[in-house]
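The values are calculated or read from the model by the stated rules, or taken from the named source; none is laboratory data. Note that the coordinates shown come from a computational prediction; the quantities given were computed from them, not determined experimentally. A quick note on method: Cβ atoms are made from the backbone with ideal geometry, for glycine too, and the neighbour counts reach across all protein chains shown. Ligands, DNA and RNA are stripped out before the accessible areas are found, and what is left, the full protein with its side chains, is counted by its heavy atoms. Shrake-Rupley method; radii C 1.70, N 1.55, O 1.52, S 1.80 Å.
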Amino acid sequence: METKKIKVMQKILDINDRIASELRNYLEKQGILYLNMMSSPGSGKTSLIEKTANKFKDSIFVIEGDIQNTLDAERLNNLGIGVYQINTGPFGGDCHLEAGWIKTAIEEIDLASVKYLFVENIGNLVCPAEFDIGAHINIVILSVAEGEDKQFKYPLAFRNSQLCIISKTDLLPYLDIDLKMMKDNIKKVNSQIEIIELSTKNGEGLSYWYEYLTQNNNC
Amino acid sequence: MHEGAILKSVFDIANNSRINANINDVQKVKLVVGKLHHIVFQVMQMYFNIMKFEIIGFDNAVLEIIEREPIIRCNRCGNTVILEEANFTCQVCNSHDTKLVQGDEMYIESLEGN
Ligand SMILES: Nc1nc2c(ncn2[C@@H]2O[C@H](COP(=O)(O)OP(=O)(O)O)[C@@H](O)[C@H]2O)c(=O)[nH]1
Ligand SMILES: [Mg+2]
Ligand SMILES: [Zn+2]
């Protein structure tokens, strides 16, 4: 029998990308700013969400991605912040979130008073960068303790983000890191990316972050 | 790792194409993947050779992956280079204004079988 060759030419993550676009449009229409936080474990995602929720109160909702446990969700819940937990354990322990899972979550959440929807993505800079979840702003967080070269190792996370937060600036006096080189390197990977330096510990830079959130929420 | 999730999408799309093209026995699935993606080809092959037996028509299929180098072109001086590391600044004129012309694609190119 003759072998057939069929041209397919279809993006592998086509369906994910389509759901992501739907989410992006839907939440924009609802007047909700949708932010996706990506970082290595321990860079300070949950700490920053805690601070932000203190400031913005009920207008914040958080979707937590975790492979197994619910510790971060409990941390936020104890502060009275609305949280929805997605455990990827049942999906085979995936190290990322997909647009379809967020869509399912959103169908169960009461978003009436929400102005800011945060997703704390799963802690690594590899897998989350591959999957568009439809956020209006992708944020990559890098703590000053992580060194000057991470953006070269994980370029996709930096290419696909609009904002880079350099966290834990209170630690700078104890480290040899060259902050200027770190920022220059980030711009080499993505010249368009905005950078905010902050510390949730001593509070420096947080006002720029709050301003960024307010400015980008155009309602 | 996310190779399993990516292959799940590959099989969904490939199986639709298989049915539409009236192919009963797929021999090859060909992907094009840019180097900017963090995808380990050995892991892809390993998963492919496990997952293929769960879908009708793919028992004899092999996976071929064409890798694409990341290439940038400078919008100021026109210099076009293959990226050795993820530095998207033009090495000739130092401009940040560069465009990625290849290297972030990830698609199914074709299917072969009878
Ligand atoms: N020194 C310092 N430590 C911080 C800061 N932000 C977070 N941490 C600490 O870093 C650790 C990890 O923070 P967490 O918010 O859980 O990170 P996540 O894994 O990205 O959610 C915790 O022990 C925090 O107390 C900061 O601005 N400065
Ligand atoms: Mg956390
Ligand atoms: Zn140039």
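Checking the table A:Lys11/A:Lys150; A:Lys187/B:Lys99; B:Lys8/B:Lys28 against a 19 Å threshold on Cα-Cα, which pairs fail? In this structure, A:Lys11/A:Lys150 exceed 19 Å between Cα atoms. Looking at the square roots a ≥ b ≥ c of the eigenvalues of the Cα gyration tensor of the stretch A:156-219, which shape do they give, rounded for a/c under 1.5, prolate if a/b is larger than b/c, or oblate? Cα axes put the stretch A:156-219 in the oblate bin. Percent antiparallel among DSSP beta bridges with both residues in chain B, to the nearest 5? In chain B, approximately 65 percent of DSSP beta bridges are antiparallel ones. Compared with the dominant principal axis of the Cα atoms in chain B, helix B:41-51 is inclined by about 20°. Taking N as the number of residues in the stretch A:2-216, what value does Rg over Cα atoms divided by 2.2 N^0.38 Å take? For the stretch A:2-216, the normalised Cα radius of gyration comes out at 1.05.
Under 18 Å from a label point set 7 Å out along the Cα-to-Cβ vector of A:Ser21, the amide N atoms of the stretch A:117-148 belong to A:131-137. Charge tally for A:Asp66 (other residues, Cβ to Cβ under 9 Å; Lys, Arg +1; Asp, Glu -1): -3. Using the Cβ of B:Arg73 as centre and a radius below 11 Å, the other residues enclosed give a net charge of +1, where K and R count +1 and D and E count -1.
Per-residue shielding of B:1-14, expressed as the average number of other chain Cβ atoms within 10 Å of the residue Cβ, stands at 5. In percent, rounded to a whole number, the relative contact order of the stretch A:2-216 is 24, using alpha-carbon pairs under 8 Å and six or more apart. Between the stretch A:147-163 and the stretch A:181-219, what's the alpha-carbon centroid distance in Å? A separation of 14 Å, based on Cα centres. Where is the GNM fluctuation largest for chain A (alpha-carbon springs, 10 angstrom cutoff): A:Asn78, A:Asn87, A:Asn124? Most flexible of the set in this elastic network: A:Asn78.
Separation of the stretch B:14-88 from the stretch A:57-125 is 31 Å, based on Cα centroids. Full extension of the chain between A:Gln215 and A:Lys153 gives 19.2 nm of extra length, using 0.36 nm per residue less the Cα-Cα distance. Bridges between two residues of the protein assembly as shown, per DSSP, are antiparallel at a rate of about 35%. A 1.4 Å probe run over the protein chains yields, for chain A, 46 Å² of accessible area per residue, whole-number rounding. What does the charge count around A:Leu33 come to, taking other residues whose C-beta lies under 13 Å from its C-beta (Lys +1, Arg +1, Asp -1, Glu -1)? Overall, the nearby charge balance is +2.
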